[in-house]
Amino acid sequence: QTHLAENKDEIRWVHELFPEAEGYLDVYVRHGLVGPRAIFAHCIHLTDAELARMAALGGAAAFCPTSNLFIGSGLFGLARARRAGLRVGLATDVGGGTSYSMLRTMAEGYKVLQLERENLSAWRAFYLATLGGAEALHLDAAIGNFAPGKEADFVVLDLDSTEVLARRARIARTFEEKLFALMTLGDDRAVLATYILGEPAHERTAAARARSNPSPAI
């Protein structure tokens, strides 16, 4: 896992260091570093040809919206990546990101793609945060969804975790609208319980739930 084409200054610097390379991605290709289970964070300023080349070699992109917005690196184009057949997962970016919450990361991803004139549906957002990430890591045979035989690592999300989320969920007409409310209004307080290999690893106490939503709307 490393960075790729995060910002234009970085791209110019890489070109100065490796003038013989055809581009930023080509530096990694020349050193045999692009292949299955190779994850490249950001990938904002890649050309269509570079995206297709990375996809053909089995590499994957980590979409890091909170970091990209905070640092001002640019806007990731999910539609371009999908057209190229590139595997994409959603990521927080520990160094430049502003939240470890995947729900907050989904919300920021929605905003990034709105600026790219793309719509991130709730279905696609939750896919990127779960099975999409597993596919990017080539671990989708073991994790990423509830298919029989997979490892049961999952979280239980609480639509009543905050007053504003509860109010919005109450008027949701479909399950997708409830998911959209979770991805735009939810945060770490919405994680009610965490399971690892099917066993409970964490559960929010009643007192903690009361502090986060003192006046439940539902």
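The values are calculated or read from the model by the stated rules, or taken from the named source; none is laboratory data. The structure presented is a predicted model; accordingly, all values stated were derived computationally and were not measured. Every residue, glycine as well, gets a Cβ built from its backbone with ideal geometry; the counts of neighbours run over all protein chains shown. Surface areas here come from the heavy atoms of the whole protein model, side chains and all, with no ligands, DNA or RNA. Shrake-Rupley method; radii C 1.70, N 1.55, O 1.52, S 1.80 Å.
Rank A169, V29, Y127 by how far each Cα sits towards the positive end of the charge dipole of the chain (+1 on Lys, Arg Cβ; -1 on Asp, Glu Cβ) and give me just the farthest.
Value computed over the given set: A169.
Taking the Cα atoms of the range 32-103, report the difference between the largest and smallest coordinate on each principal axis, in whole Å and largest first.
32, 21, 21
Assuming R0 = 45 Å, what is the FRET efficiency of A201 and E20, from their Cβ-Cβ distance, to the nearest 0.05? It would help to have the intermediate numbers written out before the result.
Values: r = 49 Å, r/R0 = 1.10.
Once the sixth-power term is evaluated, E becomes 0.35.
State the antiparallel share, in %, of DSSP beta bridges confined to the range 60-218, rounding to the nearest 5. Don't jump to the answer; show the numbers that get you there.
Details: 8 of 12 bridges.
Of all bridge pairs located within the range 60-218, approximately 65 percent are antiparallel.
Below 8 Å, C-alpha to C-alpha, sequence gap of six or more: please give me the relative contact order for the chain in percent.
Numbers: 382 pairs, mean separation 33.6, N = 218.
Answer for the chain is 15 percent.
Mind checking the per residue accessible area of the chain for me, 1.4 Å probe, whole number of Å²? Kindly include the intermediate steps, with their values, before the conclusion.
Values: 11660 Å² over 218 residues.
Counting only protein heavy atoms, the per-residue value for the chain is 53 Å².
What number does the range 74-218 give for Rg over Rh if you use C-alpha atoms and the Kirkwood radius? Walk me through the numbers before you get to the answer.
Working: Rg = 16.0 Å, Rh = 16.4 Å.
My calculation of the ratio gives 0.98.
Defining a contact as two alpha carbons under 8 Å apart and six or more residues distant in sequence, what relative contact order in percent does the range 132-179 show? Present the calculation step by step, with values, prior to reporting the outcome.
Values: 24 pairs, mean separation 8.8, N = 48.
Across the range 132-179, relative contact order equals 18 percent.
Specify whether the C-alpha gyration tensor of the range 121-204 places it in the rounded, prolate or oblate class, a ≥ b ≥ c being the square roots of the eigenvalues: rounded for a/c under 1.5, otherwise prolate if a/b is larger than b/c and oblate if not. The partial results should precede the final answer.
Details: a/c = 2.53, a/b = 1.50, b/c = 1.69.
Oblate.
To the nearest 20 debye, what charge dipole does the range 19-176 have about its Cα centre, counting +1 at the Cβ of each Lys and Arg and -1 at the Cβ of each Asp and Glu?
Details: 16 positive and 17 negative charges, 86 e Å.
The dipole of the range 19-176 has a size of about 420 debye.
Residues with beta-carbon under 14 Å from that of L78, excluding L78: net charge, scoring Lys, Arg +1 and Asp, Glu -1? Kindly include the intermediate steps, with their values, before the conclusion.
Details: positive: R80, R82, R83, R87, K111, R117, R124; negative: D48, E108, E116, E118.
Net local charge, L78 excluded: +3.
When you have a sec, figure out the Kirkwood radius of the range 10-168 from all distinct Cα pair distances and drop it here in Å to one decimal? Show your work: numbers first, answer last.
On the way: mean 1/r = 0.0595 Å⁻¹.
Hydrodynamic radius (Kirkwood, Cα only) of the range 10-168 equals 16.8 Å.
What figure in square angstrom, to the nearest 10, would you give for the accessible area of R168 with a 1.4 Å probe?
80
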